[in-house]
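S.K.: One structure, as C-alpha cells, below. Some questions next.
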Amino acid sequence: MTLQAVVNNVAPMAASKDVVVDIQKMSLTFQTADGPVYALSEVDLTINKGEFVSFIGPSGCGKTTLLRVIADLERATGGDILINGVSPQQAREDRSYGYVFQAPALLPWRSIERNVTLPLEIMELSKEERLRRAHEALKLVELNGFEKKFPWQLSGGMQQRASIARALSFDADLLLMDEPFGALDEIVRDHLNEQLLKLWARTNKTVAFVTHSIPEAVFLSSKIVVMSPRPGRIIDVIETDFAKDRTLDIRETPEFLEVAHRVREGLRAGHSYDD
Amino acid sequence: MTGKLDKFCLVAAVFALLSLVFPLSGVDIDTGKNVAFVSDLPGLASAMVACVVAGVVFTWYGVTSVLRACIVLAVVVFGAWQAVAALYHQGLAGYASYGFWMFIFSLWALVWRAIDVIANYHSLENGKQQTANIIVPVAFGIWLLFLWEVITAGFGVPQVLLPPPSMIGARFASSTGILWDDFRQTFLKAVIAGYVLGCGSGLIVAIAVDRVPFLKRGLLPLGNMVSALPIIGVAPIMVMWFGFDWQSKAAVIVIMTFFPMLVNTVSGLSAAGRLEKDLMATYASGYWSTLFRLRLPAALPFIFNALKINSTLALIGAIVAEFFGTPIVGMGFRISTEVGRMNVDMVWAEIALAALAGTAFYGAVAFAERKVTSWHPSFRVRRH
Ligand SMILES: Nc1ncnc2c1ncn2[C@@H]1O[C@H](COP(=O)(O)OP(=O)(O)OP(=O)(O)O)[C@@H](O)[C@H]1O
Ligand SMILES: [Mg+2]
C-alpha cells in the first residue's frame with residue numbers, strides 16, 4: 001500500500017452521498033467586554049454519513065466552538081450551516097445528535113443509571129426501554145455494577161464514561177464528542193478507543209470527535225481536520241482508509257506513522273501563522 | 001498512666017476535696033441557724049468522695065475511652081442527684097455556700113471532660129455513631145437544666161424573676177389541657193396554614209417572576225422592603241382585616257414567610273450551571289421539563305434554606321400577632337395574660353412549649369432537607 005492510497009486530499013464530494021453536516025464560509029465572532037473575539041473564520045466543512053471526523057488543533061482554536069455551532073448551542077455570525085439538510089436548530093429539536101461535553105456534566109442528584117436515562121425520560125420512552133438502553137450503554141463503557149452510585153462517588157474518568165454512556169443510550173445517528181477521553185489514563189483510553197471504533201463500525205453512526213492527541217485522531221478517524229490557532233481556520237483535511245476493523249496494532253505500521261507525521265506538520269505550519 | 005495528667009479531672013478532684021472542708025451552707029445571723037458541713041449531710045458527702053476518687057483516678061489514667069467517660073457521667077449523675085436532694089430535703093435551698101458551689105464546679109469539670117470524649121468519638125458503625133451523636137446534646141442540655149435548677153434554688157432566686165425548671169416542669173405537667181388547646185390554636189391552625197400558604201405562594205410567584213425579567217428586577221427590591229416591615233405594625237391591621245381568630249395570624253405569617261421564599265427561590269433558579277442547561281438543550285428539553293428535571297432540583301438547597309428560616313419566623317410571628325387580640329386561647333394570648341397575673345411559671349411553660357414546637361418544626365424541615373438533598377456537597381458522605 002502506498003502512502004497515496006492511504007492519504008488523499010479531499011476531493012469535492014459527490015452530491016450523491018448523504019451529507020450530514022454541510023458548513024460553508026462559516027464565521028463566529030464573540031462580542032465581549034474587551035472587544036470582539038474571532039473564534040472561527042471562513043470555515044468550510046462537509047461531513048458525510050458514516051464518517052468519523054476528528055478535529056485537532058491547538059488549545060483555544062475553536063474546536064469546541066465549532067462543535068457547539070453544529071449542536072445549535074452557539075449561533076454562527078456568518079455563513080451557512082445545514083445539518084441533515086435542515087437548520088441546526090431544527091436538527092437539535094429533532095434530537096438528531098448526541099453530545100459528549102468536555103466535562104462529564106452529570107446531575108449530582110441522580111444516580112448513574114438515572115443520569116443515563118435522563119434523555120430517554122425527556123423523549124418519553126417507556127420505563128423498560130429506558131432501563132434496557134441504560135443497561136446496555138453502561139455495559140459498553142464497563143460501568144455495570146455502578147448503576148445505583150451517585151456521580152460524586154465515582155472517579156473523574158468513571159464520570160466521563162458515564163457521560164459517554166448517556167450519549168450512547170440516546171442512540172442518535174450523529175455523535176458529537178468534545179475530548180471525551182481527555183481525562184482518562186492511557187490504558188482506559190486505548191480500550192475506549194477500540195470500543196468506540198467497534199461501535200462506529202457496527203452502527204454506521206457519524207462521529208465528530210475533538211481531540212488533542214495525534215495518535216488518537218489517526219487511529220479513530222476516517223477524516224482528520226487540522227485547525228489553526230485563533231481565529232480558527234481549517235488548514236488541512238486528511239482522509240485515511242484504514243480497515244474498519246483495525247486494531248491498536250496498526251499504530252506501529254508505516255502508513256499510520258505517515259499520516260501522524262502529516263498531521264503534525266499541519267499543526268506546526270498552523271503555528272508559524274502566528275509569527 | 002498515659003504520660004500527661006488529665007487537667008479537667010485534676011480540677012474536679014481538687015474542688016471536690018475542697019468542698020469536703022468548706023461550709024456547705026451559710027449562716028443565718030437572725031435565727032442563728034447552724035452552718036452545715038459534710039458531717040451533717042452524709043448523702044452529699046458520699047457524692048463528694050466519689051468525685052474525689054473519680055477525679056484522682058482519671059487524672060492519673062486519663063478518660064481514654066467511651067466506657068470511662070460513661071463511668072464519669074455516672075458519678076456526675078449521682079453527685080447531681082445528691083446535690084438536688086440536699087437543696088430540697090436538707091434545707092440548703094437559699095442558703096448554699098462555698099463548699100456546695102465548689103462541689104458543683106467539680107461536677108462541671110467532670111461532665112465537660114466526659115462530653116468532650118464522647119463528642120470526639122468516631123465509629124464506622126452507624127448505630128454507635130448516632131447514639132454518640134445523640135448523647136452529647138442531650139447530656140449537655142440536661143446539665144444546663146441542672147445548673148439552672150441549683151443556681152435558682154441554691155441562691156434562692158425569687159420565682160417571679162426566674163423559676164427553677166422543676167417548677168416549670170410541674171406546671172407544664174399539670175396544665176397539659178390548656179397547653180394543648182393553645183398549641184392547637186397557635187401552631188396547628190395559624191402556623192401551619194400561614195407557613196404552607198406563605199412558602200407555597202412564594203415558590204409559585206418565584207417561578208413566575210423567573211420567566212419575566214422586568215418582574216425579577218422590580219419585585220425583588222420591593223420584596224426586601226416588605227420583609228423589613230415590622231410585624232408589630234402589620235399584626236393589628238391583619239386583625240382588622242381578617243378578624244380575631246387564627247386567620248389573621250396566618251395572614252401575618254404569610255407576609256413574613258412569602259419574601260424569604262421568593263428571594264431564595266429566584267436565586268436558586270439561576271443556580272443550575274450553563275453546562276447543564278446546554279445538556280438539556282441538546283435533548284430539546286422544553287421549559288417545564290428543564291424546570292422540573294434540572295432547575296428546581298438545583299434550587300432545592302436554596303428552597304430548603306428559606307423553609308428553615310421561615311419555620312422559625314412563622315412561630316415568632318404567630319405568638320407576637322396574638323398579643324394584638326385573639327379569642328381567649330393561643331400561646332401568645334396565654335403569655336401576655338399570665339405575665340399580667342404574675343403567673344410566671346405558666347409563662348415559662350408556654351415558652352418551653354414554643355421552644356419544643358419550634359425545635360421539632362425546624363428539625364423536621366432539616367431532616368427532610370437531609371433526605372432530599374443528600375447529594376449536596378454539604379451533606380454527602382462517601383460510602384462504598
Ligand atoms: N462564550 C464565549 N465568549 C467569548 N469568547 C469565547 C466564548 N467561548 C469561547 N470563546 C473564545 O473562543 C476561542 C475558542 O474557544 P474554544 O472553546 O472553541 O477552544 P477549543 O479549541 O475548544 O480549546 P480547548 O482545546 O482548550 O478546549 C477561545 O479563544 C475562547 O476564549
Ligand atoms: Mg474545547
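S.K.: Could you go through segment B:286-302 and let me know if any residue there is among the β-branched types (Val, Ile, Thr) and within 12 Å of chain A (Cβ to nearest Cβ).
M.R.: yes
S.K.: To continue, here is another question. Considering each of B:MET225, B:MET256, B:MET261 in turn, give the residue that is in a helix (DSSP H, G or I) and either in the same structural domain as B:ILE142 (by TED's automatic domain parsing) or surrounded by fewer than 22 Cβ atoms within 10 Å (Cβ to Cβ) (or both).
M.R.: It is B:MET225.
S.K.: When segment B:354-376 is examined, which residues are found to be aromatic (Phe, Trp, Tyr) and not in a helix (DSSP H, G or I)?
M.R.: B:TRP375
S.K.: Need the failing condition index for B:ALA352 against (1) away from chain A (no Cβ under 14 Å); (2) buried (at least 17 other Cβ atoms within 10 Å of the Cβ), just the number.
M.R.: That leaves (2) as the condition not met.
S.K.: Restricting to segment B:274-310, what's the tally of residues that are part of a loop (DSSP other than H, G, I, E, B) and open to solvent by 30 Å² or more (accessible area, probe 1.4 Å)? If you could, list the steps in order and put the result at the bottom.
M.R.: Step one: list which residues in segment B:274-310 are part of a loop (DSSP other than H, G, I, E, B), which gives B:283-286.
With the extra rule that they be open to solvent by 30 Å² or more (accessible area, probe 1.4 Å), the set shrinks to B:286.
Total satisfying the criteria: 1.
S.K.: In addition: Among the numbered criteria (1) among the aliphatic types (A, V, I, L, M); (2) open to solvent by 40 Å² or more (accessible area, probe 1.4 Å); (3) within 14 Å of chain A (Cβ to nearest Cβ), which single criterion is violated by B:LEU313?
M.R.: Unmet for B:LEU313, out of (1) among the aliphatic types (A, V, I, L, M); (2) open to solvent by 40 Å² or more (accessible area, probe 1.4 Å); (3) within 14 Å of chain A (Cβ to nearest Cβ): (3).
S.K.: Residues B:LEU197, B:LEU203: which one is assigned by TED's automatic domain parsing to the domain that holds B:GLY332, under 27 Å from the mean Cα position of the chain (by Cα) and open to solvent by 20 Å² or more (accessible area, probe 1.4 Å)?
M.R.: B:LEU197
S.K.: Same structure again: Do the conditions hold for A:VAL100, that is, is it β-branched (Val, Ile, Thr), closer than 25 Å to A:THR64 by Cβ and surrounded by 18 or more Cβ atoms within 10 Å (Cβ to Cβ)?
M.R.: On the way: β-branched (Val, Ile, Thr): yes; closer than 25 Å to A:THR64 by Cβ: yes; surrounded by 18 or more Cβ atoms within 10 Å (Cβ to Cβ): yes.
It is true that A:VAL100 is β-branched (Val, Ile, Thr), closer than 25 Å to A:THR64 by Cβ and surrounded by 18 or more Cβ atoms within 10 Å (Cβ to Cβ).
S.K.: All but one of (1) in contact (Cβ under 8 Å) with a residue 24 or more places away in the chain; (2) part of a helix (DSSP H, G or I); (3) within 14 Å of another protein chain (Cβ to nearest Cβ); (4) away from ligand 2 (no atom under 16 Å from the Cβ) hold for A:PHE219; state the number of the condition that does not hold.
M.R.: Condition (3) is where A:PHE219 drops out.
S.K.: Of the conditions (1) in a loop (DSSP other than H, G, I, E, B); (2) touching a residue at least 40 places away in the same chain (Cβ under 8 Å); (3) surrounded by fewer than 21 Cβ atoms within 10 Å (Cβ to Cβ), B:ILE328 satisfies every one except a single condition; which number is it?
M.R.: (2)
S.K.: Do you know which of the residues in segment A:33-58 that are open to solvent by 10 Å² or more (accessible area, probe 1.4 Å) and among the hydroxyl-bearing types (Ser, Thr, Tyr) is nearest to ligand 1 (Cβ to nearest atom)?
M.R.: Looking at residues that are open to solvent by 10 Å² or more (accessible area, probe 1.4 Å) and among the hydroxyl-bearing types (Ser, Thr, Tyr), I get A:TYR38.
S.K.: Another question, then. What number of residues in segment A:71-98 are within 16 Å of ligand 2 (Cβ to nearest atom) and of a type in the set (Asp, Glu)? If you could, list the steps in order and put the result at the bottom.
M.R.: Going residue by residue through segment A:71-98, those that are within 16 Å of ligand 2 (Cβ to nearest atom) are A:71, A:73-74.
Going one step further and asking which of them are of a type in the set (Asp, Glu), we end up with A:74.
Total satisfying the criteria: 1.
S.K.: If you take the residues in segment A:71-117 that are in a helix (DSSP H, G or I) and under 18 Å from A:GLN153 (Cβ atoms), which one is farthest from the other protein chains (Cβ to nearest Cβ)?
M.R.: A:GLU113
S.K.: Moving on. Considering segment A:59-73 alone, what residues qualify as being β-branched (Val, Ile, Thr) and more than 6 Å from ligand 1 (Cβ to nearest atom)? Break it down into steps so the answer makes sense when it comes.
M.R.: So in segment A:59-73, the residues β-branched (Val, Ile, Thr) come out as A:64-65, A:69-70.
Within segment A:59-73, A:VAL69, A:ILE70 qualify.
S.K.: Still on this model: Got at least one residue in segment A:147-156 being of a type in the set (A, V, I, L, M) and surrounded by fewer than 23 Cβ atoms within 10 Å (Cβ to Cβ)? Break it down into steps so the answer makes sense when it comes.
M.R.: First pass over segment A:147-156, keeping only residues of a type in the set (A, V, I, L, M): A:154.
Then drop every residue that is not surrounded by fewer than 23 Cβ atoms within 10 Å (Cβ to Cβ), which leaves A:154.
Yes, some residue in segment A:147-156 is of a type in the set (A, V, I, L, M) and surrounded by fewer than 23 Cβ atoms within 10 Å (Cβ to Cβ).
Each row is one residue, and each column tells you yes or no for (1) under 27 Å from B:LEU300 (Cα atoms); (2) within 16 Å of ligand 1 (Cβ to nearest atom); (3) open to solvent by 10 Å² or more (accessible area, probe 1.4 Å).
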residue	(1), (2), (3)
A:LEU82	no, no, yes
A:ARG92	no, no, yes
A:PRO108	yes, no, yes
A:LEU118	yes, no, no
A:ILE122	yes, no, yes
A:ARG132	no, no, yes
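S.K.: Can you run down the residue pairs with Cβ atoms below 7 Å, 6 or more apart or on separate chains, where the first is in segment A:52-77 and in contact (Cβ under 8 Å) with a residue 24 or more places away in the chain and the partner is near ligand 1 (Cβ under 6 Å from one of its atoms) and aliphatic (A, V, I, L, M)?
M.R.: A:GLY62/A:ALA39; A:THR65/A:ALA39
S.K.: Looking at A:ARG68, A:ARG130, which one is more than 16 Å from ligand 2 (Cβ to nearest atom) and assigned to a helix (DSSP H, G or I)?
M.R.: None of the others qualify; the one that does is A:ARG130.
S.K.: Moving on to the next point. Count, please, the residues in segment B:109-150 that happen to be without any contact (Cβ under 8 Å) to a residue 12 or more places away in the chain and open to solvent by 70 Å² or more (accessible area, probe 1.4 Å).
M.R.: Summing the residues that are without any contact (Cβ under 8 Å) to a residue 12 or more places away in the chain and open to solvent by 70 Å² or more (accessible area, probe 1.4 Å) in segment B:109-150 gives 14.
S.K.: Looking at (1) open to solvent by less than 20 Å² (accessible area, probe 1.4 Å); (2) assigned to a strand (DSSP E or B); (3) near ligand 1 (Cβ under 10 Å from one of its atoms), which is the only condition A:PHE30 fails?
M.R.: Unmet condition: (1).
The values are calculated or read from the model by the stated rules, or taken from the named source; none is laboratory data. On a predicted model such as this, the values are computed, not experimentally measured, just so you know. As a convention, Cβ positions derive from the backbone with ideal geometry for all residues, glycine included, and neighbour counts pool all protein chains shown. Calculation scope for accessible area: heavy atoms of the full protein, side chains included, ligands and nucleic acids excluded. Shrake-Rupley method; radii C 1.70, N 1.55, O 1.52, S 1.80 Å.
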